[in-house]
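Asker: Before I ask anything, here is the structure I am working with.
The values are calculated or read from the model by the stated rules, or taken from the named source; none is laboratory data. The model shown is predicted, which means the values in this text are computed figures rather than measured ones. FYI the Cβ positions are ideal-geometry reconstructions off the backbone, even for glycines, and counts take in every protein chain you see. Surface areas here come from the heavy atoms of the whole protein model, side chains and all, with no ligands, DNA or RNA. Shrake-Rupley method; radii C 1.70, N 1.55, O 1.52, S 1.80 Å.
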Amino acid sequence: MTRDRTPLVSWSRWPSLLPAAVLLVAVVVDVLTPSGFSVFPLLAAAPVLAAPVYSLPGVIATGVVTALIGMAVAYTKGVALTEASVRFTSVVVLTVLATILNRVMAKDRKQLKDTREVAEAVQRAVLPIPPERVGPLDVASRYRAAAKEAAIGGDLYAIHPTPDSVRMMIADVRGKGLGAVRTVNRLLGAFYEAVAHLPGLTDVVDRLEEVMQRVDAEEEEGTESFATAVFIDLPNDGSAIYMINLGHPAPLLIHQGRASPLEPSAPSLPLGLGNLGRTQVPVDRHTLPHDATLVLFTDGLVEARDRHGTFYNPVPFLSRPLPTDPGVILDALIADLTRYTEGRLDDDAALIAVTRLPDASDDTKTRSRT
């Protein structure tokens with residue numbers, strides 16, 4: 001039988017085995033029990049169980065197999081013709097109902113898929129893909145929408161070259177929907193303006209803090225807007241990485257087969273909560289060796305779970321020999337995440353990776369700034 005490629009009942013694979021398992025159990029029980037015992041209720045359940053997990057041909061095939069097994073059971077147990085006819089008719093009726101249920105579910109799945117595709121298209125319009133080369137860096141980004149949501153999320157990233165460095169941001173705005181989109185738009189606009197005109201990374205953070213404070217003031221009473229974020233300044237000479245982390249998952253530095261979290265030296269409140277006691281934010285200094293890759297991500301990556309509820313940890317997978325191409329690294333990471341979660345995410349995940357290459361020429365830097 002052909003299983004539908006979009007399971008509805010569960011993200012794990014076992015539901016697709018239930019109809020066959022029920023039929024097998026019915027046959028075994030029929031063989032092991034006396035003639036007075038009826039396995040018809042088990043047989044009747046098979047087409048119904050097939051409706052949400054199989055394609056339409058699979059549901060019909062399950063009904064046909066069920067009817068054939070029912071006829072064989074009736075013959076071996078000497079069931080009267082009238083009773084056998086009632087059972088056969090019941091299986092046919094249940095199969096018809098199962099096909100109707102299957103079509104209704106398939107329509108709902110398609111509508112949800114279309115809605116999610118529209119949401120992702122809007123997300124892409126709000127959050128465009130960055131160029132593959134920015135200054136001395138190779139750049140890649142990926143976005144994976146949550147499986148259980150069709151709402152647009154508040155995950156964002158940005159990268160912008162200045163005459164002396166490349167500045168980056170990744171953030172996760174609280175909430176979903178149009179409110180989150182408005183906040184994302186305002187943060188992105190403020191970031192691009194700030195990095196082009198303000199001299200220091202702390203000045204950029206202060207400007208975005210003001211934006212989030214205004215957003216919070218405009219929210220309805222009882223709601224609160226904030227965003228976890230990481231800000232990075234990478235000088236073109238490769239001397240260091242300057243980083244500010246405001247309650248966000250630590251970026252990972254991948255170099256020579258090892259992934260190392262760049263943890264902040266001190267915790268800081270997210271954007272929008274600075275009035276609760278944040279003073280000067282600490283700026284941490286790290287190094288980015290040539291051929292090393294820096295991976296930034298939102299918490300949808302590290303809060304993804306497997307079927308047992310265990311959180312995903314990207315460090316072991318990234319602590320192995322990998323190409324220096326940031327796009328290849330992100331694709332491999334997402335493939336491992338998909339395998340780990342069996343394709344289901346409970347929250348959006350945005351990722352951006354940069355690699356400093358020794359052959360980044362001055363003319364490439366100039367082109368990426370224009």
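Asker: Testing ARG124 on (1) over 30 Å from THR355 (Cα atoms); (2) modelled with pLDDT under 80; (3) open to solvent by 50 Å² or more (accessible area, probe 1.4 Å); (4) not acidic (Asp, Glu), one condition comes back false. Which one is that?
Answerer: (1)
Asker: If you scan segment 40-84, which residues turn out to be closer than 16 Å to LEU97 by Cβ, within 38 Å of the chain's Cα centre (by Cα) and of a type in the set (Ser, Thr, Tyr)?
Answerer: TYR54, THR62
Asker: Identify, by number, the condition in (1) within 25 Å of the chain's Cα centre (by Cα); (2) at pLDDT below 90; (3) open to solvent by less than 10 Å² (accessible area, probe 1.4 Å) that TYR157 doesn't meet.
Answerer: All conditions pass for TYR157, except number (2).
Asker: Separate question: Looking at SER260, SER239, which one is open to solvent by 10 Å² or more (accessible area, probe 1.4 Å), under 25 Å from GLY135 (Cα atoms), at pLDDT 90 or above and polar (S, T, N, Q)? Even if it seems obvious, please write down each step before you answer.
Answerer: On the way: SER239 fails: at pLDDT 90 or above.
Just one listed residue meets the conditions, SER260.
Asker: Could you say which residue among THR338, THR355 is among the β-branched types (Val, Ile, Thr), open to solvent by 60 Å² or more (accessible area, probe 1.4 Å) and either outside any helix (DSSP H, G or I) or free of Cβ contacts under 8 Å to residues at least 60 places away in the same chain (or both)? Let's see the steps before the verdict.
Answerer: Values: THR355 fails: open to solvent by 60 Å² or more (accessible area, probe 1.4 Å).
Among THR338, THR355, only THR338 is among the β-branched types (Val, Ile, Thr), open to solvent by 60 Å² or more (accessible area, probe 1.4 Å) and either outside any helix (DSSP H, G or I) or free of Cβ contacts under 8 Å to residues at least 60 places away in the same chain (or both).
The rows are residues; the columns are (1) touching a residue at least 12 places away in the same chain (Cβ under 8 Å); (2) surrounded by fewer than 19 Cβ atoms within 10 Å (Cβ to Cβ); (3) part of a helix (DSSP H, G or I).
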residue: ILE60; (1), (2), (3): yes, no, yes
residue: ALA67; (1), (2), (3): yes, no, yes
residue: VAL73; (1), (2), (3): yes, no, yes
residue: THR82; (1), (2), (3): no, yes, yes
residue: SER85; (1), (2), (3): no, yes, yes
residue: SER90; (1), (2), (3): yes, yes, yes
residue: LEU97; (1), (2), (3): yes, yes, yes
residue: LEU101; (1), (2), (3): yes, yes, yes
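Asker: Under 7 Å by Cβ, and 6 or more places apart or on different chains, what pairs join a residue from segment 293-322 that is within 15 Å of GLU342 (Cα to Cα) and open to solvent by 50 Å² or more (accessible area, probe 1.4 Å) with one that is assigned to a strand (DSSP E or B) and aromatic (Phe, Trp, Tyr)?
Answerer: GLU303/PHE311; ARG305/PHE311
Asker: So which residues in segment 211-232 are within 26 Å of the chain's Cα centre (by Cα) and surrounded by 17 or more Cβ atoms within 10 Å (Cβ to Cβ)?
Answerer: MET212, SER225, PHE226, ALA227, THR228, ALA229, VAL230, PHE231, ILE232
Asker: While we're on this one: Scan segment 286-294 and give yes if some residue there is within 26 Å of ARG356 (Cβ to Cβ) and within 23 Å of the chain's Cα centre (by Cα), otherwise no. Lay out the reasoning, then the answer.
Answerer: Here is the first cut: in segment 286-294, the ones within 26 Å of ARG356 (Cβ to Cβ) are 286-294.
Applying the additional criterion that residues be within 23 Å of the chain's Cα centre (by Cα) yields 293-294.
Yes, because at least one residue in segment 286-294 is within 26 Å of ARG356 (Cβ to Cβ) and within 23 Å of the chain's Cα centre (by Cα).
Asker: Within segment 274-292, how many residues are touching a Lys or Arg at 6+ places or on another chain (Cβ under 9 Å) and open to solvent by 60 Å² or more (accessible area, probe 1.4 Å)? Spell out how you get there, then give the answer.
Answerer: Of segment 274-292, the ones touching a Lys or Arg at 6+ places or on another chain (Cβ under 9 Å) are 288-292.
Adding the requirement that they be open to solvent by 60 Å² or more (accessible area, probe 1.4 Å) leaves 290-291.
Qualifying residue count, segment 274-292: 2.
Asker: Could you identify the single residue in LEU178, LEU246, LEU208, LEU187 that is open to solvent by 30 Å² or more (accessible area, probe 1.4 Å) and more than 17 Å from PRO163 (Cβ to Cβ)? Steps first, answer last, please.
Answerer: Working: LEU246 fails: open to solvent by 30 Å² or more (accessible area, probe 1.4 Å); LEU208 fails: open to solvent by 30 Å² or more (accessible area, probe 1.4 Å); LEU187 fails: open to solvent by 30 Å² or more (accessible area, probe 1.4 Å).
Selected residue: LEU178, the only one of LEU178, LEU246, LEU208, LEU187 that is open to solvent by 30 Å² or more (accessible area, probe 1.4 Å) and more than 17 Å from PRO163 (Cβ to Cβ).
Asker: Can you tell me which condition ALA119 does not meet? The list is (1) at pLDDT 90 or above; (2) surrounded by 15 or more Cβ atoms within 10 Å (Cβ to Cβ); (3) of a type outside the set (Val, Ile, Thr), and all the others hold.
Answerer: (1)
Asker: Out of all the residues in segment 167-180, which are farther than 21 Å from ALA240 by Cβ and more than 18 Å from the chain's Cα centre (by Cα)?
Answerer: Residues of segment 167-180 farther than 21 Å from ALA240 by Cβ: 171-180.
Result: LEU178, GLY179.
Asker: Then there's this: Output the residues belonging to segment 127-154 that are of a type in the set (D, E, K, R), within 13 Å of the chain's Cα centre (by Cα) and at pLDDT 80 or above. Reasoning before the result, please.
Answerer: Residues of segment 127-154 of a type in the set (D, E, K, R): 132-133, 138, 142, 144, 148-149.
If we keep only those that are within 13 Å of the chain's Cα centre (by Cα) as well, we get 142, 144, 148-149.
ARG142, ARG144, listed by residue number.
Asker: Only one residue in LEU271, LEU330 is surrounded by 14 or more Cβ atoms within 10 Å (Cβ to Cβ), under 23 Å from GLY153 (Cα atoms) and modelled with pLDDT of 95 or more, so which one is that? Walk me through how you get there before you give the answer.
Answerer: Working: LEU271 fails: modelled with pLDDT of 95 or more.
Selected residue: LEU330, the only one of LEU271, LEU330 that is surrounded by 14 or more Cβ atoms within 10 Å (Cβ to Cβ), under 23 Å from GLY153 (Cα atoms) and modelled with pLDDT of 95 or more.
Asker: Here's another thing I want to ask about it. If TYR192 meets every condition in (1) closer than 14 Å to ALA158 by Cα; (2) open to solvent by less than 20 Å² (accessible area, probe 1.4 Å) apart from one, which number is that one?
Answerer: With (1) closer than 14 Å to ALA158 by Cα; (2) open to solvent by less than 20 Å² (accessible area, probe 1.4 Å) applied to TYR192, the lone miss is (2).
Asker: Follow-up. Please specify each residue of segment 17-50 satisfying the condition of being free of Cβ contacts under 8 Å to residues at least 40 places away in the same chain and assigned to a loop (DSSP other than H, G, I, E, B).
Answerer: Matches in segment 17-50: THR33, PRO34, GLY36, PHE37, SER38, VAL39.
Asker: I've got another one for you. Quick check: anything in segment 169-179 in a helix (DSSP H, G or I) and either more than 22 Å from GLY135 (Cβ to Cβ) or in contact with a helix residue (DSSP H, G or I) (Cβ under 8 Å, 6 or more places away or on another chain) (or both)?
Answerer: Initial filter on segment 169-179 (in a helix (DSSP H, G or I)): 178-179.
In the following step, the residues that additionally are either more than 22 Å from GLY135 (Cβ to Cβ) or in contact with a helix residue (DSSP H, G or I) (Cβ under 8 Å, 6 or more places away or on another chain) (or both) were identified as 178-179.
Yes, segment 169-179 contains a residue that is in a helix (DSSP H, G or I) and either more than 22 Å from GLY135 (Cβ to Cβ) or in contact with a helix residue (DSSP H, G or I) (Cβ under 8 Å, 6 or more places away or on another chain) (or both).
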